[in-house]
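The values are calculated or read from the model by the stated rules, or taken from the named source; none is laboratory data. Everything quoted here is computed from the prediction, not taken from an experiment. Cβ sites come from the backbone with ideal geometry, for glycine too, and all protein chains shown count toward neighbours.
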């Protein structure tokens with residue numbers, strides 16, 4: 001390797017840079033941008049700042065001859081094309097800063113005695129004479145979805161190509177530009193000139209040029225162990241591209257595989273970052289697909305005992321298995337054992353499966369932005385609210401393999417029911433019976449994906465399992481004891497239950513107008529509550545002390561956290577308002593608060609009570625448990641058992 005220390009101005013002298021397809025996209029976020037900005041701001045005018053290593057690979061002529069927009073500048077102006085193997089985050093950031101600086105300079109103005117057009121020609125693009133052909137001096141290969149985004153959204157250039165796809169990486173590019181635009185807006189032109197000089201002539205990069213005897217994909221993987229770590233998904237892409245070069249196959253087949261890998265990762269990053277408000281975790285997707293795709297080969301090697309099979313699958317280190325066991329160079333060679341050997345076709349099928357799965361994965365988590373029917377959307381949304389990590393592989397493979405609308409709907413309802421019933425368990429119970437509860441979803445996903453189980457059998461199995469729990473006396477006893485001892489307020493499922501209870505009241509009111517929305521209801525705000533204790537925790541007002549006198553502190557606490565005393569609020573309210581007397585809560589006269597009378601259906605129901613007493617809490621709690629039994633097909637027991645579950649079995653009640 002050759003190495004030298006250069007400024008950005010010297011680096012961009014007769015050089016052309018492309019980020020190759022095996023590289024990840026732009027991954028810097030606010031923390032790294034702030035560090036970069038502070039480094040420049042704190043740099044003294046006569047000093048240099050060592051920015052880091054920039055590792056380059058010379059691009060061969062057979063590759064750059066395919067670059068229609070760039071061959072002229074390479075051949076006519078003798079520009080040397082390079083792939084950026086390491087250091088692309090720093091280099092990209094520097095170019096975005098220069099672009100943001102250029103946008104502060106008017107056309108015809110000079111910056112440090114240099115025309116704006118000359119700066120643009122040096123760092124951004126050069127034009128072929130007076131024509132419309134342009135060669136961008138820094139950018140991505142065309143297969144990268146960031147290619148068009150950088151050109152149109154960052155460099156503000158026109159394009160005749162399709163609109164730029166957005167991914168988590170393009171979002172990072174946009175954020176970085178806005179970061180610099182905001183900071184430059186506060187600077188004078190003279191300050192910007194100082195900043196430009198620092199960025200282009202005082203930042204030093206250690207330049208390494210890789211020679212042909214170095215395996216560039218391996219070098220990339222090794223070098224990126226420092227800095228912001230690569231995700232497993234990013235490492236996997238690089239590894240698969242590396243393997244595509246190693247197969248003993250015709251060039252057109254290897255080229256086809258490499259193109260498929262690039263298209264797959266383009267689809268993955270597009271779908272994972274499609275919802276800007278809630279981007280999807282790439283490692284979670286990769287792990288879920290791993291369970292579906294390789295699960296059968298894992299459990300088939302395990303004893304027939306279900307718990308042992310589950311343990312083997314659940315504790316499998318998917319990242320290590322993919323990167324250290326399955327997709328490794330030794331498995332490509334003819335010396336590999338038949339059990340471990342992988343072919344070009346094996347990689348192609350795996351990558352194709354990933355691409356197909358990510359489309360469904362996005363729709364699973366964003367059902368309102370999907371082509372699913374309204375009923376499917378409704379039940380997927382419910383499942384997402386309940387949180388379904390253990391069920392993700394099963395839901396994904398079911399939606400991929402089963403197209404019947406009715407079968408999908410019955411399945412999703414069965415999943416929702418089981419998730420809710422599981423939420424009733426104390427975590428101690430889950431650990432006490434882990435394989436009865438947890439193993440099914442993984443193993444069913446594998447069997448369904450392998451075609452060994454029908455969709456109907458999967459749904460029936462889930463339904464029967466949930467029903468067996470609901471009728472199991474030990475199970476119900478543990479659920480009753482859990483809530484009797486700890487109350488309902490800290491239950492993970494309390495928000496979901498209260499929302500569903502309010503929805504039931506809405507349906508029974510025979511109106512379609514919702515008064516409470518999940519996104520607002522579930523939003524967490526400091527000192528604001530979405531679930532209210534009607535009989536408050538700080539019950540110092542005379543209204544409360546007179547109606548709950550004669551009770552022990554323990555009994556008061558039981559009443560406060562009992563189900564019947566908890567109310568979903570259509571609008572989150574300041575927690576201090578919850579200490580008001582009941583009549584004030586109903587009418588909302590204090591501090592312009594919206595009273596129960598004008599709130600959601602559950603609030604309306606409570607507002608009809610003349611007083612809020614122990615008896616009112618008990619009666620409402622019993623009604624809510626009756627709803628729980630109807631809605632999720634449970635059998636909690638008689639009134640005495642329900643009183644025990646509510647934690648109110650100390651109360652004497654005459655039926």
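General remarks:
- Condition met for residue 328 (in the same structural domain as residue 391 (by TED's automatic domain parsing), modelled with pLDDT of 90 or more and farther than 25 Å from residue 397 by Cβ): yes
- Filter result (touching a helix residue (DSSP H, G or I) at 6+ places or on another chain (Cβ under 8 Å) and modelled with pLDDT under 85) within the range 283-300: 295, 296, 298, 299
- Per-region count, the range 100-117, residues out of contact with any strand residue (DSSP E or B) (no Cβ under 9 Å at 6 or more places or on another chain) and buried (at least 21 other Cβ atoms within 10 Å of the Cβ): 1
- With respect to (1) surrounded by fewer than 11 Cβ atoms within 10 Å (Cβ to Cβ); (2) out of contact with any helix residue (DSSP H, G or I) (no Cβ under 9 Å at 6 or more places or on another chain), the lone exception for residue 5 is condition (1).
- The set of residues from the range 154-197 being under 18 Å from residue 275 (Cβ atoms) and part of a helix (DSSP H, G or I) comprises 168, 169, 170, 171, 172, 173, 174, 175.
- Filtering the range 118-127 to residues that are modelled with pLDDT of 90 or more and either touching a helix residue (DSSP H, G or I) at 6+ places or on another chain (Cβ under 9 Å) or surrounded by 13 or more Cβ atoms within 10 Å (Cβ to Cβ) (or both) leaves 119, 120, 121, 122, 123, 124, 125, 126.
- Check on residue 44, under 23 Å from residue 153 (Cβ atoms) and loosely packed, with under 12 Cβ neighbours inside 10 Å: no
- Some residue of the range 356-363 being in contact with a helix residue (DSSP H, G or I) (Cβ under 6 Å, 6 or more places away or on another chain), modelled with pLDDT of 95 or more and over 15 Å from residue 397 (Cβ atoms): yes
- Helices (runs of 4 or more DSSP H) fully within the range 550-633 that include at least 3 residues being under 22 Å from residue 518 (Cα atoms) and modelled with pLDDT of 95 or more: 614-632.
- Some residue of the range 243-252 being modelled with pLDDT of 90 or more, part of a strand (DSSP E or B) and buried (at least 16 other Cβ atoms within 10 Å of the Cβ): no
- Some residue of the range 144-154 being without any contact (Cβ under 8 Å) to a residue 40 or more places away in the chain, out of contact with any helix residue (DSSP H, G or I) (no Cβ under 8 Å at 6 or more places or on another chain) and farther than 26 Å from residue 20 by Cα: no
- Residues of the range 595-622 that are closer than 30 Å to residue 465 by Cβ and under 38 Å from the mean Cα position of the chain (by Cα): 621 alone.
Here is a yes/no grid of residues against (1) surrounded by 18 or more Cβ atoms within 10 Å (Cβ to Cβ); (2) touching a residue at least 12 places away in the same chain (Cβ under 8 Å):
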| residue | (1), (2) |
| --- | --- |
| 482 | yes, yes |
| 498 | yes, yes |
| 509 | no, yes |
| 512 | no, no |
| 518 | no, yes |
| 522 | no, yes |
| 537 | no, yes |
| 546 | no, no |
| 562 | yes, yes |
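- Residue tally, condition touching a residue at least 60 places away in the same chain (Cβ under 8 Å) and over 19 Å from residue 546 (Cβ atoms), over the range 605-620: 2
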